[in-house]
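What follows is a short report on a single structure.
What follows is calculated from the coordinates using simple rules that are stated; it is not laboratory data. If you're wondering where the values come from, they're calculated on a predicted model, not measured in any experiment. All Cβ positions, glycine included, derive from the backbone under ideal geometry; neighbour counts span all protein chains shown.
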Amino acid sequence: MKTVALGVGVVCVLLSAAAQLLMKRGMTPDPALIQNATSGPLATYQHALGSPLVWLGLCLYGASAVLWLWVLSRLDVSLAYPLVSLGFVVTFALGIVWLGEPFTWLKAAGCTLIVVGVGLLAHDA
């Protein structure tokens with residue numbers, strides 16, 4: 001049962017990372033918003049409310065949260081919660097591939113430390 005819960009936990013992390021990427025893509029500024037530097041938070045939130053990608057991202061967050069409750073009911077929080085940090089690694093990699101964000105060795109080193117840390121915590125569990 002612990003293996004299944006870990007697998008569902010990884011699915012939660014992937015859903016959450018996908019949600020972040022979809023919302024980022026959905027919030028990529030409209031050229032009209034960029035040209036109008038005086039547009040404030042209201043224009044930003046109006047843009048968000050009209051973006052299907054933002055809505056899809058929010059739905060994925062909701063699905064992740066519901067599944068995460070099941071994971072927390074099956075695993076010690078000291079094992080489950082470090083899985084969340086793997087989301088940083090996934091979003092870093094997919095941000096580079098899908099969003100064209102810059103790769104840096106410093107970020108890659110940070111991600112490596114995260115993976116090593118999660119591995120150590122999982123090994124101790």
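Listing 78, 16, 51 from the residue with the fewest other Cβ atoms within 10 Å to the one with the most, what is the order?
Ordered by Cβ neighbours within 10 Å, fewest first: 78, 51, 16.
Roughly what angle does helix 77-99 make with the longest principal axis of the chain, taking Cα atoms, 0 to 90 degrees, to the nearest 10?
40 degrees
Between 0 and 90 degrees, rounded to the nearest ten: what's the tilt of helix 105-124 against the longest Cα principal axis of the chain?
30 degrees
Please report 45, 81 as a ranked list, fewest other C-beta atoms within 10 angstrom at the top and most at the bottom.
Fewest-to-most Cβ neighbours within 10 Å comes out as 45, 81.
Cα convex hull of the chain: how many Å³ per residue?
Cα convex hull per residue, to the nearest whole number: 123 Å³.
Scan around residue 101 for amide H atoms under 5 Å from its own, H built in the peptide plane at 1.01 Å from N, and keep only partners 5 or more places away or cross-chain.
Amide H neighbours of residue 101: 96.
Just how far, in whole angstrom, is the range 70-122 from the range 10-27 if you go by their alpha carbon centroids?
After rounding, the separation between the Cα centres reads 13 Å.
Just need the relative contact order of the range 2-124 here, percent rounded to a whole number, with Cα pairs under 8 Å and 6+ apart. Provide the component values of the computation, followed by the final result.
On the way: 105 pairs, mean separation 45.0, N = 123.
So the answer I get is 37 percent.
For residue 14 and residue 124, FRET efficiency with R0 = 25 Å and r from the beta-carbon atoms, rounded to 0.05?
That gives a FRET efficiency of 0.60.
Between the helical axis of 2-26 and the dominant principal axis of the chain, each derived from Cα atoms, what acute angle in degrees is found, rounded to the nearest 10?
Orientation of helix 2-26: about 10 degrees from the principal axis.
Taking the number of other C-beta atoms within 10 Å as the exposure measure, put 22, 42, 6 in order starting with the fewest.
Ordered from fewest to most neighbouring Cβ atoms within 10 Å, 22, 42, 6 come out as 42, 6, 22.
Any idea how far apart residue 98 and residue 46 come out in nm if each label point goes 7 Å out from Cα toward Cβ?
Once both label points are built, they end up 2.8 nm from each other.
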